[in-house]
Amino acid sequence: MTPEELRAEMPALDRGVYLNTGAGGPSPRRVVEATEAALEYHEFEAPTGAGTYGALFEALDETRDAVADHVGVAPESVALTQSTTDGIGRIAAGMDWEPGDAVVRTDQEHSAGILPWERLRERHGVEVRVVEAAGGRVDRDEWKAAVDGAKLAVFSSLCWTDGCRLPVAELTDIARDAGARVLVDAVQSVGQRPVDFGAWGADAVAAAGHKWLLAPTGTGFLRVTDEFARELEPAQVGYMGVEDPEADDWDLKPDARRFEVGSVSPVPYAGLREGIATVEELGFETVTDRIERLTDRLKDGLGDRLVSPERSESGLVAFAADDPIATAERLDEQGIRVRDIPPTGTVRVSVHVFNTADDIDALLDAL
């Protein structure tokens, strides 16, 4: 598959210039068709065939396998969730918090990586330490001091604000050496470039498929190491998360699957599998090369308005505007979809493999 062939399969792109994949990406027809086929199979064939639950369990196992293979981990270390926010929340709720415990995060986190710790501060007296990471620059000495004595360190592999990549493995090593567990938000990385969750060394990684992986909304996934999982007590327990739901003395599953509670729809996960397959068919060499060429074109055109680094980091590019909200609204009225980023007062452009030089030029002309 070529980027042009992918673009031809995406009806949403016929209606305007879409440069907002960092918020949520449109899906190609093949993903929607896979999702529709899964719904029909589950409702029309499975009840008198494999069985409703048999079909569900098979679909979830297939999805865990696809996700695990894509991010370089074992299927049993993957729990299927609804979103990145959902995955982060399950970790926050599963840990045993006491007054005085500390969480470390960067100042570039999405609300998904901020709100759980604010709630813990209010309800359990947990200390929240914030380290600067603007431009992807994290002072190692400051990070080392912040994670000293902390219970958990949380950061994004790729900042949603300006598209900068953080040194995940290095920050993880520093935090782990200090005795802290590490939770990474990887939603802006998956689908943009190859990732290996195992190589990062983090205790948990949360992500989702509805952005760069071209999948439907509701397709989150959470990787948790077995060691960390066994320390966690999920806020909810159900038949899917235990070894034997009929046993009087039941036990939670010894891995990430303890975070799966009960029946969910297998339908969106069929779209996630197809989205992953589509990205892999394109190949990351194609994806990253096209994103780099298009973002270079965009950065050249933005000139001194550019906020993101000049070097190629990702498909997310932020630029300064006198009124970011009004700028995003004005562009939307012209059929160009971007978004404003309230925490930094900038406008963010998301460039994916299906975008073209014409898309970039249309944005620059409108500016």
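Numbers below:
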item: Residue that is nearest to ARG311 (Cα to Cα), among those in segment 107-153 that are open to solvent by 70 Å² or more (accessible area, probe 1.4 Å) and basic (Lys, Arg); result: ARG137
item: Within segment 164-199, considering residues that are within 20 Å of VAL78 (Cα to Cα) and among the acidic types (Asp, Glu), the one most open to solvent (accessible area, probe 1.4 Å); result: ASP196
item: Answer from VAL130, VAL168, VAL147 - the residue that is touching a helix residue (DSSP H, G or I) at 6+ places or on another chain (Cβ under 9 Å), under 26 Å from HIS352 (Cβ atoms) and of a type in the set (Val, Ile, Thr); result: VAL168
item: Some residue of segment 354-362 being at pLDDT below 95 and either within 21 Å of ALA8 (Cα to Cα) or not hydrophobic (A, V, I, L, M, F, W, C) (or both); result: no
item: Among the residues listed as ALA215, ALA202, ALA207, the single one being open to solvent by less than 10 Å² (accessible area, probe 1.4 Å), in contact with a Phe, Trp or Tyr (Cβ under 8 Å, 6 or more places away or on another chain) and either more than 20 Å from TYR18 (Cβ to Cβ) or part of a loop (DSSP other than H, G, I, E, B) (or both); result: ALA207
item: Positions within segment 2-20 being in a loop (DSSP other than H, G, I, E, B) and either surrounded by fewer than 17 Cβ atoms within 10 Å (Cβ to Cβ) or polar (S, T, N, Q) (or both), in sequence order; result: THR2, GLY16, ASN20
item: Residue in segment 239-254 that is more than 18 Å from GLU76 (Cβ to Cβ) and among the β-branched types (Val, Ile, Thr) present; result: no
item: Residue ranges of strands (runs of 3 or more DSSP E) in segment 297-367 with at least 2 members in contact (Cβ under 8 Å) with a residue 12 or more places away in the chain and open to solvent by less than 30 Å² (accessible area, probe 1.4 Å); result: 316-320, 346-350
item: Hits in segment 219-240 - residues which are surrounded by 14 or more Cβ atoms within 10 Å (Cβ to Cβ), under 23 Å from the mean Cα position of the chain (by Cα) and not polar (S, T, N, Q); result: GLY220, PHE221, LEU222, ARG223, VAL224, PHE228, ALA229, LEU232, PRO234
item: Conditions (1) out of contact with any strand residue (DSSP E or B) (no Cβ under 9 Å at 6 or more places or on another chain); (2) surrounded by fewer than 19 Cβ atoms within 10 Å (Cβ to Cβ); (3) among the hydroxyl-bearing types (Ser, Thr, Tyr); (4) in contact (Cβ under 8 Å) with a residue 60 or more places away in the chain; number of the one not met by THR278; result: (2)
item: Search result, residues across segment 1-37 that are under 21 Å from the mean Cα position of the chain (by Cα) and among the hydrophobic types (A, V, I, L, M, F, W, C); result: LEU19, ALA23, VAL31, VAL32
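Matching residues to (1) among the charged types (D, E, K, R); (2) farther than 18 Å from TRP212 by Cα; (3) modelled with pLDDT of 95 or more; (4) open to solvent by 20 Å² or more (accessible area, probe 1.4 Å):
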{"residue": "GLY22", "(1), (2), (3), (4)": "no, no, yes, no"}
{"residue": "PRO28", "(1), (2), (3), (4)": "no, no, yes, no"}
{"residue": "VAL31", "(1), (2), (3), (4)": "no, no, yes, no"}
{"residue": "LEU39", "(1), (2), (3), (4)": "no, yes, yes, yes"}
{"residue": "ALA59", "(1), (2), (3), (4)": "no, yes, yes, no"}
{"residue": "GLU62", "(1), (2), (3), (4)": "yes, yes, yes, yes"}
{"residue": "ALA74", "(1), (2), (3), (4)": "no, yes, yes, yes"}
{"residue": "THR81", "(1), (2), (3), (4)": "no, no, yes, no"}
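The values are calculated or read from the model by the stated rules, or taken from the named source; none is laboratory data. Computed from a predicted structure; not experimentally measured. FYI the Cβ positions are ideal-geometry reconstructions off the backbone, even for glycines, and counts take in every protein chain you see. Protein only, heavy atoms only, side chains kept; ligands, DNA and RNA dropped before computing areas. Shrake-Rupley method; radii C 1.70, N 1.55, O 1.52, S 1.80 Å.
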